[in-house]
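The values are calculated or read from the model by the stated rules, or taken from the named source; none is laboratory data. Keep in mind it's a predicted model, so treat the numbers as computed, not measured. Note that each Cβ is placed from the backbone with ideal geometry, even for glycine, and that neighbours are counted across all protein chains shown.
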Amino acid sequence: LPEETNPATRLRVCCDGETIVALADDVAFQPIGGQVVMAFNLPSFGEHVAQILAMPRVDPNAAPEAVEDDRTEANGGTTAYRYFVEACAAEDRGESQTAEHLFRQAVDLEPNMAAALTNLGNLVYRQGELEEAKRLYERALEHDPIQPEARYNLANVLEDLGETEAAVTELRKVCATAPDFPDAHYNLGIMLAQLGGTAQAKHHLERYLELDTASDWAGHARTYLDQIAV
């Protein structure tokens with residue numbers, strides 16, 4: 001997403017327990033590698049989401065239903081996931097306030113829903129609420145330590161807060177666990193160059209160019225490589 005300063009803040013994460021996809025606008029793709037995923041590649045996931053969307057729509061202004069005596073943990077989880085799907089749909093429509101409200105309802109009901117925590121973090125990050133975004137990404141990583149989107153955006157927040165060394169640490173973790181995540185290599189390369197780590201910066205910028213050869217950001221990466229080679 002070369003037109004974005006922090007591209008991953010636009011990414012949302014969806015999971016049915018087995019399949020994980022990242023969503024940008026109305027396109028689903030694998031988080032690592034960026035391969036687009038068509039609906040027929042995820043039949044069970046698509047059917048599951050379709051069933052949830054067929055349920056009565058959630059009124060974003062209504063309070064969550066009271067918990068009844070016979071309500072089970074599984075039922076609560078289904079309700080939380082319904083809020084999550086409704087929030088994703090609201091965000092797609094550009095209704096950020098509604099999406100935020102629904103994501104908050106989802107994590108209130110299911111506090112360990114890492115995807116909802118990440119997406120909520122992205123929303124508040126775009127609003128400039130850096131400390132809250134940081135807490136949300138950290139919570140997401142407590143429940144899903146290998147989710148690259150949450151850790152990547154946590155690094156972005158840390159950099160914005162002036163905690164560059166901590167940001168570098170988080171980006172190193174992303175590059176180690178998700179070596180095909182191009183934006184992590186790009187940001188890490190730029191930060192290392194600014195800190196004087198020329199050799200390591202060169203390594204990560206070159207890795208970025210292996211993963212992305214044609215975007216505007218690829219041109220920026222080549223410019224940085226030329227500068228640090230001098």
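Quick one: count up the residues across the stretch 101-154 that are outside any helix (DSSP H, G or I) and on the phi < 0 side of the Ramachandran plot. Let's see the steps before the verdict.
Going through the stretch 101-154, the residues outside any helix (DSSP H, G or I) turn out to be 110-113, 127-129, 144-147.
Keeping just the survivors that are on the phi < 0 side of the Ramachandran plot gives 110-113, 127, 129, 144-147.
Total satisfying the criteria: 10.
Within the stretch 112-126, count every residue that is out of contact with any Asp or Glu (no Cβ under 6 Å at 6 or more places or on another chain) and either under 17 Å from C88 (Cα atoms) or acidic (D, E) (or both). Don't jump to the end; show me each part of the working.
From the stretch 112-126, those out of contact with any Asp or Glu (no Cβ under 6 Å at 6 or more places or on another chain) are 112-113, 115-117, 119-122, 125-126; that's our starting set.
Those still in the list that are either under 17 Å from C88 (Cα atoms) or acidic (D, E) (or both) too: 113, 115-117, 119-122, 125-126.
Residues that pass the stated criteria total 10.
Filter the stretch 212-230 for residues that are among the small types (G, A, S), exposed (fewer than 15 other Cβ atoms within 10 Å of the Cβ) and in a helix (DSSP H, G or I) and give the result.
G219, A229, listed by residue number.
Checking G162 against (1) surrounded by fewer than 17 Cβ atoms within 10 Å (Cβ to Cβ); (2) in a helix (DSSP H, G or I); (3) not assigned by TED's automatic domain parsing to the domain that holds H220: exactly one of these is not met. Which one?
(2)
Cβ-Cβ distance below 7 Å, separation of 6 or more or different chains: which pairs start in the stretch 92-121 with a residue that is within 14 Å of E132 (Cα to Cα) and in the same structural domain as K134 (by TED's automatic domain parsing) and end on one that is buried (at least 21 other Cβ atoms within 10 Å of the Cβ) and among the acidic types (D, E)?
T118/E149
Being among the aromatic types (F, W, Y) and touching a Gly at 6+ places or on another chain (Cβ under 7 Å) narrows it down to one of Y152, Y81, Y137, Y125, so name that one.
Details: Y152 fails: touching a Gly at 6+ places or on another chain (Cβ under 7 Å); Y81 fails: touching a Gly at 6+ places or on another chain (Cβ under 7 Å); Y125 fails: touching a Gly at 6+ places or on another chain (Cβ under 7 Å).
Answer to the selection: Y137.
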